[in-house]
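Every number here is computed from the coordinates shown, using simple stated rules; none is lab data. Computed from a predicted structure; not experimentally measured. Using ideal geometry, Cβ is built from the backbone for each residue, glycine included, and neighbour counts are taken over all protein chains shown.
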Amino acid sequence: MDAFYKQAGVILNSLARRDGSVKTMTIGNSRVKPEWKRKMYALICETLKYSQVLVEIINKEGLLEKSEKADIYTLLPLVHDILMARGGLQHSVGGGGRSEVVKLVISMKSQLRSSLGEIMERQGVKAKKELIPLHLRDENQMHRYVRINLAKTTKEKVVEYFQNEGYRLFNSSPVGEPKPPKLFSKSKTFVLDSHLPDLLVFPPLTDLHDHPLYLNGDIILQDKASCFPAHVVSPAPNSKALDACAAPGNKTSHMSSLMGNTGTVYAFDMDMKRLDLLKTLTAKAGCTNIVAKCQNFLDVDPLDPQYKDVEYLLLDPSCSGSGIINRMDSLVDHFALCVGHDSAVKGANKEQRLENLSDFQVKIIMHAMKFPSAKRISYSTCSIHKEENEHVVAKVLGQQDRFLLAQRKDVLPGWPRRGLETPLLTKEQSDSVIRASPEDGMNGFFVSCFVVDPSASPIPVEAKDGNIDETTSIESATNVPDDKIKQIRGTKREIDSKPPSSNASKKRKRTKKKRPKQITA
């Protein structure tokens with residue numbers, strides 16, 4: 001027993017220093033005995049969730065002062081199992097006698113339980129699980145979203161199928177309210193989503209992974225926020241569309257579905273294994289209009305004959321993932337703060353990472369704007385940071401004048417949560433972008449949409465001599481060098497506080513006009 005908890009303490013110490021991920025330090029740790037791995041993983045996850053209250057109890061009872069051999073990392077899993085685990089300490093794991101630290105924790109069981117009771121009374125909670133911060137609770141508290149694959153079936157057929165299985169259809173929530181009506185976890189109920197016409201909402205804990213409609217590709221299990229980009233870019237049937245960072249392919253198949261499986265959707269990803277997964281999932285969804293390519297989107301030539309007619313581009317590039325709830329890194333962040341490790345927020349490292357991601361995201365958007373027929377571009381992230389969202393939009397608007405932000409009326413106008421206010425965007429522009437939050441029953445997300453300015457001059461594909469006209473190419477509207485993203489810059493740049501011109505700006509003169517003031521990337 002002592003060896004098991006001692007190793008758990010070593011793992012927690014390593015996690016606080018960011019030496020690896022939870023899975024790597026438990027399931028993938030060769031030093032953890034095979035028969036311990038699952039129990040170790042469960043113990044570490046639960047200890048991380050309750051770390052805030054466990055640290056408070058350990059400090060209140062002075063456990064660290066009562067034994068020279070005690071440290072916070074070994075005490076945490078012991079106190080967790082004494083107070084939170086159904087069976088208490090895991091006597092059957094590890095073997096061996098009881099150490100001084102284990103004996104100390106057992107001897108203070110009543111005091112520890114008393115401290116826990118006081119904290120629960122102070123916080124006004126009745127169940128221990130309510131002590132876990134809301135953003136760290138199990139993801140099964142989120143609603144389950146089901147996207148209807150219109151490439152293979154219809155909403156009416158899917159609804160009828162579930163009703164025939166005994167599911168009860170509730171009335172949908174009013175437009176303008178993000179949350180669906182309360183659906184009880186163990187009830188066979190569902191609602192039609194009030195914002196997206198091809199989405200159904202089921203209660204938390206609903207598991208449809210073995211359902212016939214999922215197995216045959218008629219329905220796709222996809223978070224609601226992840227369904228926003230395809231609806232925002234809204235590709236027309238028989239058109240050419242493109243997914244720049246496509247794998248694993250849910251957004252790709254969603255575009256295909258909205259296009260009625262017509263036209264062409266080019267899907268790019270650099271990772272062959274991930275692209276193979278995309279091919280598998282989109283084939284299961286019955287998509288026949290997807291052309292998957294293992295290639296870096298930034299290396300794609302927009303003037304290539306096969307891409308020059310692409311009108312709709314969906315961009316969902318790499319981001320911090322800070323909007324994804326219940327990720328293990330969120331647990332570790334929380335834990336590291338609780339035990340006093342400022343590395344939880346990584347300080348300058350986090351700031352530098354956000355800056356590098358922002359540079360890359362801007363570069364992706366600017367490259368998409370080089371496609372000569374592009375008229376609608378969605379940009380999305382699963383991040384909550386302004387640096388990757390509103391600030392990226394502001395940079396792009398300041399570095400070119402061919403695209404504007406689509407107005408709110410064309411970007412899910414019924415969705416109430418809009419962009420955050422920033423001096424870099426006008427109020428109208430902030431209102432034109434979308435945000436989602438875990439408070440809305442889904443992951444944190446951001447979506448914006450760029451549309452071509454009707455007054456903009458078209459991008460020349462070829463000059464009369466058959467060569468690309470370098471002088472008037474869209475390259476002249478960009479200030480992002482091709483090798484910029486490969487650089488790791490140590491100097492933080494400031495961005496101009498002047499908002500770019502609004503969507504309703506008057507028609508621009510293209511010939512004798514000076515370049516607009518740039519917002520540096």
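Using the Cβ atoms and a cut-off under 12 Å, what net charge is assigned to the surroundings of N29, where Lys and Arg are +1 and Asp and Glu are -1?
Working: positive: K23, R31, K33, K37; negative: D19.
So the surrounding residues net to +3.
By the scheme Lys and Arg +1, Asp and Glu -1, what is the net charge of all other residues having a beta-carbon under 11 Å from that of A374?
Values: positive: K240, K308, K370, K375, R376, R402; negative: D309, E311.
In short, +4.
List the residues whose amide H sits under 5 Å from the amide H of M270, counting only those 5 or more places along or on another chain, with H placed 1.01 Å from N in the peptide plane.
So M270 has HN proximity to Q295.
Which entries in the list K157/K370; K224/K427; K224/K273; K284/K363; K39/K284; K39/K350 go over 30 Å, if you measure between the two C-alpha atoms of each? Let's see the in-between values first.
Details: K157/K370 41 Å; K224/K427 26 Å; K224/K273 26 Å; K284/K363 33 Å; K39/K284 35 Å; K39/K350 32 Å.
Over 30 Å apart, Cα to Cα: K157/K370; K284/K363; K39/K284; K39/K350.
Check which residues have an amide H placed less than 5 Å from I290's amide H, if you skip close sequence neighbours.
V265
Under 5 Å between amide H atoms, partner at least 5 residues away or on a different chain: which partners does F403 have, H built in plane at 1.01 Å?
Here D453 satisfy the definition.
Between K128 and H209, what FRET efficiency follows from the Cβ-Cβ distance if R0 is 25 Å, with the result rounded to 0.05?
Values: r = 29 Å, r/R0 = 1.16.
About 0.30, to the nearest 0.05.
How far, in nm, would the chain grow between T262 and A236 when pulled straight, counting 0.36 nm per residue and subtracting the alpha carbon separation? All intermediate terms of the calculation are to be shown ahead of the outcome.
Numbers: separation 26, 0.36 × 26 = 9.36 nm, distance 0.91 nm.
Stretched out fully, the T262 to A236 stretch lengthens by 8.5 nm.
Grab the other residues whose beta carbon is less than 13 angstrom from that of F4, score K and R as +1, D and E as -1, and report the net.
Details: positive: K6, R31, K33, K37, R38, K39, R98; negative: D2, E35, D81.
Local net charge: +4.
In whole Hz and in residue order, list the ³J(HN,Hα) couplings for segment 406-423 that follow from phi through the Karplus curve 6.51 cos²θ - 1.76 cosθ + 1.60, θ = phi - 60°; x for Gly and Pro.
Running phi through 6.51 cos²θ - 1.76 cosθ + 1.60 with θ = phi - 60° gives 5, 6, 4, 4, 10, 10, 6, x, x, 7, x, 7, 10, x, 6, 5, 8, x Hz.
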